[in-house]
Amino acid sequence: MPRPTTKTELITAVNTEWDKLWDMIDTIPVGAQSVIFNFGDNPKLKEAHWQRDKNMRDVLVHLYEWHKLMLEWTAANFNGEAKHFLPEPYTWKTYGDMNVGFWEKHQSTPYDEAKAMLCKSHGEIMALIERLTDEELFEKKHFSWTDGLGSYFVSVTSSHYNWAMKKIKQYVKTCV
């Protein structure tokens with residue numbers, strides 16, 4: 001699916017990837033949804049997240065926390081508070097450390113709560129997208145605080161859902 005460039009395309013992409021994510025999760029037996037991931041020593045799985053996210057809950061809270069970043073960033077800037085997308089002290093070079101912090105924060109979050117949190121934040125993201133116009137989403141520099149709001153929505157939704165599906169697919173291939 002090509003990267004969205006309109007509000008309609010964005011909504012379609014987000015809904016499509018969201019539905020595919022839950023269709024995939026729903027194929028996993030309930031008991032296996034809480035099992036520790038075991039990706040073995042696959043040399044192709046080099047990125048830090050393969051070691052960081054150890055179960056389905058970890059993947060869901062990761063998505064939730066990125067939704068929260070988006071919601072808090074846009075709310076602050078819409079209210080006149082200049083705020084960067086990544087919280088201090090993180091940058092695009094160090095955001096991996098932030099992801100580890102998200103992981104640590106949620107180690108006692110139950111799986112069912114993670115699902116509920118993600119579903120709620122997804123609904124909030126969709127409501128925000130619905131309130132915005134094509135111009136607000138995709139016109140370069142429409143807002144002084146971002147080059148393009150739509151690309152952030154793509155990153156925290158459809159692209160991130162696709163990332164989660166790749167991880168879950170690998171889990172299913174090796175464990176279920």
Open item on the list: For a quick check of understanding: with a 1.4 angstrom probe and all protein chains in place, what accessible area in square angstrom does Arg3 have, to the nearest ten?
Closed with: 130
Open item on the list: Taking the full set of protein chains and a 1.4 angstrom probe, give the accessible area of Met24 in square angstrom, rounded to the nearest 10.
Closed with: 40
Open item on the list: What distance in nm separates the two pseudo spin-label positions at Thr27 and Asn162, each 7 Å out from Cα along the beta-carbon direction?
Closed with: 1.8
TODO: Express the carbon and sulfur contribution to the solvent-accessible surface of the stretch 94-176 as a percent, rounded to the nearest whole number, probe 1.4 angstrom.
DONE: 52
Open item on the list: With the crude spin-label approximation of a point 7 Å out along Cα→Cβ, what separation in nm comes out for Thr16 versus Lys141?
Closed with: 3.2
Task: Within straight-line cross-link reach of Lys83, lysines at Cα separation under 17 Å, skipping those fewer than 8 residues along the same chain - done: Lys68, Lys141
TODO: Specify the angular offset, from 0 to 90 degrees and rounded to the nearest 10, of the alpha carbon long axis of helix 7-26 from the longest principal axis of the alpha carbons in the chain.
DONE: 10
TODO: Report, please, the projected area of the stretch 66-176 averaged over directions, based on the convex hull of its C-alpha atoms, in nm².
DONE: 8.4
- [ ] Determine, from the Cβ-Cβ distance of Tyr111 and Arg131 and an R0 of 45 Å, the FRET efficiency 1/(1 + (r/R0)^6), rounded to the nearest 0.05.
- [x] 0.90
- [ ] Taking the chain as the reference, fit the longest principal axis to its C-alpha atoms, fit the long axis of helix 56-78 to the helix C-alpha atoms, and give the angle between the two in degrees, 0 to 90, nearest 10.
- [x] 10
- [ ] Using the Cα centre as the reference, give the magnitude of the dipole from point charges on the C-beta atoms of the chain (Lys, Arg: +1; Asp, Glu: -1; all else neutral), rounded to the nearest 20 debye.
- [x] 560
Open item on the list: With a 1.4 Å probe and all protein chains kept in place, how much accessible area does Tyr95 have, in Å² rounded to the nearest 10?
Closed with: 90
TODO: Would you mind calculating the relative contact order of the chain from Cα pairs under 8 angstrom and at least 6 residues apart, reporting the percent as a whole number?
DONE: 39
- [ ] Treating the angle as unsigned and between 0 and 90°, give the value, to the nearest 10°, between the Cα long axis of helix 158-175 and the longest Cα principal axis of the chain.
- [x] 0
TODO: Sort out for me the Cα centre separation of the stretch 53-72 from the stretch 104-176, rounded to whole Å.
DONE: 8
- [ ] Return the subset of Lys54/Lys105; Lys20/Lys93; Lys20/Lys54; Lys20/Lys140; Lys20/Lys166 for which the Cα-Cα distance in this structure is over 19 Å, preserving the input order.
- [x] Lys20/Lys93; Lys20/Lys54; Lys20/Lys140
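The values are calculated or read from the model by the stated rules, or taken from the named source; none is laboratory data. Quick caveat, the model's predicted, so the values are computed rather than measured. Cβ sites come from the backbone with ideal geometry, for glycine too, and all protein chains shown count toward neighbours. Side chains are part of the model used for accessible areas, which takes the heavy atoms of the whole protein and leaves out ligands, DNA and RNA. Shrake-Rupley method; radii C 1.70, N 1.55, O 1.52, S 1.80 Å.
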